[in-house]
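Notes to accompany the following structure.
The values are calculated or read from the model by the stated rules, or taken from the named source; none is laboratory data. Remember, predicted model here, so these are calculated numbers, not experimental data. For neighbour counting, all protein chains shown are included, and Cβ atoms are generated from backbone atoms with ideal geometry for every residue, glycine included. Just so you know, the surface numbers come from the protein's heavy atoms only, side chains and all, with ligands and any DNA or RNA stripped out. Shrake-Rupley method; radii C 1.70, N 1.55, O 1.52, S 1.80 Å.
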Amino acid sequence: MRDPHNVLIRPVVSEKSYSLMDNNVYVFVVDPSATKIDVRNAVEQAFSVRVANVNTLNRKGKARRNRKNNSLGRRPDTKRAIVTLHAGDSIDLFES
């Protein structure tokens with residue numbers, strides 16, 4: 001069993017993720033080697049909620065141009081997990 005703090009890197013902060021929170025759906029950036037089962041166990045342990053569904057996706061990093069020397073660089077590739085919770089459960093990520 002993996003440590004939840006090594007699996008979940010950070011929550012995704014965007015307008016789309018905020019609108020999904022109304023439907024008990026949360027988006028996290030996760031470790032690229034984490035499986036859906038690892039993500040499910042990490043969310044259940046870290047936030048004491050019941051997970052209904054986990055979807056994962058791999059995002060390729062963008063190619064970015066450096067303006068000083070006109071060389072190309074890349075942003076890192078990331079893996080995201082879209083976690084759906086059971087009705088009645090919620091995660092207080094940004095409510096304080």
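Structure notes:
- Which of His5, His86 is most accessible, then next, and so on - probe 1.4 Å: His5, His86
- Given a 1.4 Å probe and the protein chains as shown, Thr35 ends up with an accessible area of around 70 Å².
- Within the chain, longest stretch clear of exposed trypsin sites (Lys or Arg not before Pro) (DSSP loop, no more than 16 other Cβ within 10 Å): 3-49
- Carbon + sulfur, % of accessible area of the chain - ligands and nucleic acids excluded, 1.4 Å: 46
- The per residue volume of the convex hull around the alpha-carbon atoms of the chain is 126 Å³.
- Sequence of Ile82, Ile9 when ordered by accessible area, the most exposed leading, probe 1.4 angstrom: Ile9, Ile82
- The loop-placed chymotrypsin sites (Phe, Trp or Tyr not before Pro) in region 8-96, going by DSSP, that have at most 11 neighbouring Cβ atoms within 10 Å of their Cβ come out as Phe94.
- Over the chain, Cα pairs under 8 Å with separation of 6+ residues give a relative contact order of 31 percent.
- Nearest-20 debye value, the chain charge dipole, Cβ charges on Lys, Arg, Asp, Glu: 1040
- The residues of the chain expose on average 70 square angstrom of accessible surface per residue, using a 1.4 Å probe on protein heavy atoms.
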